[in-house]
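Everything on this sheet refers to the single structure shown next.
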Amino acid sequence: MHLIQSLVWALPLALPFVAAEIEDVGDKPRRFEYTITWEKGSPDGFEREMAFINGKFPGPVLEANQGDNLEIVVNNQMPFNTTIHWHGIEQKGTPWSDGVPGLTQRYIMPGKNFTYRWKADQYGSYWYHAHARGQIDDGLYGGILIHPNNNTQDSLSLIARNASQLTAMRAAVRKVQPIILSDWRHLKSMDAWQINVDSKLETPCYDSLLVNGKGQVNCWSRQKINQLTNGIQRRFLNNANMQQLTDKGCLPAKAVQMTFARNMPGNLSAIPKEVFDVCTPTQGQQDVIKVKQVAGASEYWQAFDIIGTFGLVTATVSMDEHPMYVYAVDGGYIQPQLVQGISVSNADRYSVLVKIDRPGDYTFRVASNSVIQMMSATATVRVLAANAAETADESGGGITPTTVKGRSVAPSIVRRQQNGASSTPYINDVGQAIGQGVNFFSENNQRQYPADPPGQTVAQTFKMQLRHDGSAYKWALNDTIYPLSADDAEPVLFKATPIRDDSTTLTTKNNTWVDFIFESSTFPTPPHPVHKHGTHMYLIGSGQGNFTWNTVAEAARANPGRFNLQNPPKRDSFQSVPAIVQPSWIAVRYFSSDPGPWLMHCHIQTHLEGGMAMSIIEGYDVWPTTPSEYLNYEQ
């Protein structure tokens, strides 16, 4: 009834008043310059070498208005090759700026720079990150915020009870704050990968979780670890005749081997004890996210863009005592869902509105819900009254290098992590609900706003097998490994005749609908967050068991309840259904309308390095002509 009433009064306000909070540059390019350096830093209290962008970790938020033409100069001052991918940006007409080495560009070599140019046709929450080896695990990422234009219809009128509340909500969205979530290793990405190669086993354990680049290593008591160990973890422990998780809250290496790589070669002696077993606590920093109420306002709302920059972990997030309206997912408006918790996977973005009516400190919780490891982190959301004074040392927003003019900054002068706010939680440290009435975001119930149905006539259907390939650290998206050496090749985009069909390449015509069926036919198989570059995808179906049909149309006739072809979730990444005791599958659909070569891959960093990727030669019949500055770059 409330929804109907709000729709009736809100009809005259159907178009948003979410004007941008940054200046309009008109037809001129909005320019950015990012300098990437390799320096020492201590995001969780442990010092290691890592990437910084303009002296910051995470990198600065790229903020623009919908319709802007962007020009971004990237200076690589690291000792490694790199590229930058603008995650979720469809790159309509600019595939040479997608940032994939060997596919759309050559590497940016040390000491060199590269200029990305693309138009912000979309609105909402995105992020940028390295697309070279495992450099996301070295901290090379930052947020993207694109303010919608006045022609973009929002969904806030579906939840506002009156005009003044709608005005307050739209004011909050104009001042949305990104919250960047990360998992963090003490090992550099190249060292972690070498351990995988030497041991022939994937090493999926991390050291900490970070909120806006800050956190600490928390070592739980044996009692707490045993108490929170779930049934699936116990099943996997039993595979190795083991009784408990490690002190880091991880499945032991032997249990990982016996569960996921039972008949594959492995050398557990090549894995240092610190990777799976040893937990050494640190004292790091805790982020303080400040929210200030507005003087004279009848009510105050705050908007957050929650961005999952994880290398592997999936985590549940929640803000104590504050339900959240999820109003956009992966940059696009949806019919809002009121929740107390959200499961955030690799590369996910959730835009949420929170009613801020009581000054005080409230804990923002991040809890791994991954089977492979339990760990958690917190930040403090500090709600300030309109007349409250602020102190400089409360500000959040990432870290800077621990070197100042060539000298190391002693860990003792790094500000210590504060105690968490004493507020009432909705979730525990593994993301489970505490008590009754805790609702979690449902992707199955996600509906785009306005409705955005996919096409019903499909030109091609591709079935792909998600599985290991020969070793436990090697993965295939379509039965065959996408080799790391492909990154070093001459970019596919630069070739005049790119048509090819093999086990790591698909070819599609322009302006056609295409279905992908991702099957996890062997089990146990973990969930894989599959990301497609270029145009976004629709999740049209999923299920347990084998996908025994040739097409979605056949499957939908046999099992109509498993499919949504009217207004399904639309995203740039979807997580496959975990296959624990039987096979599983998901079906996605997309419109091939952006000619160029586009990568599709698992967004777990070790799985991508292990070969879980493939390229889509999209619109080969209208192949784009690459500008000479990109063709000739560093040739």
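The values are calculated or read from the model by the stated rules, or taken from the named source; none is laboratory data. Since we're looking at a predicted model, the values are computed, not measured. A quick note on method: Cβ atoms are made from the backbone with ideal geometry, for glycine too, and the neighbour counts reach across all protein chains shown.
Observations
- Entry remark, region 302-360: residues being closer than 30 Å to GLU202 by Cα and of a type in the set (S, T, N, Q) number 7 in total.
- Residues located in region 290-331, provided they are among the β-branched types (Val, Ile, Thr), in a loop (DSSP other than H, G, I, E, B) and under 19 Å from ILE144 (Cβ atoms): THR309
- Selection status of GLU629, out of contact with any Asp or Glu (no Cβ under 6 Å at 6 or more places or on another chain), in a helix (DSSP H, G or I) and of a type outside the set (Phe, Trp, Tyr): yes
- Any chance ASN69 is closer than 30 Å to LEU187 by Cβ, in contact with a strand residue (DSSP E or B) (Cβ under 6 Å, 6 or more places away or on another chain) and either of a type in the set (S, T, N, Q) or at pLDDT 95 or above (or both): no
- Residues of region 227-250 that are more than 29 Å from PRO43 (Cβ to Cβ), outside any loop (DSSP other than H, G, I, E, B) and not small (Gly, Ala, Ser): ILE232, ARG234, ARG235, PHE236, LEU237, ASN238, ASN239.
- Flag for LEU631 being within 30 Å of THR314 (Cα to Cα) and not β-branched (Val, Ile, Thr): no
- Qualifying residue in region 486-501 (condition: modelled with pLDDT of 95 or more and of a type in the set (Lys, Arg)): no
- Matching option when the condition is within 30 Å of GLY331 (Cβ to Cβ), basic (Lys, Arg) and in contact (Cβ under 8 Å) with a residue 40 or more places away in the chain, among LYS290, LYS248, LYS200: LYS290
- Exclusive hit being under 20 Å from GLY59 (Cα atoms) and not acidic (Asp, Glu), set ILE195, ILE136: ILE136
- A residue that is assigned to a strand (DSSP E or B), within 17 Å of the chain's Cα centre (by Cα) and in the same structural domain as ASP479 (by TED's automatic domain parsing) can be found somewhere in region 517-529.
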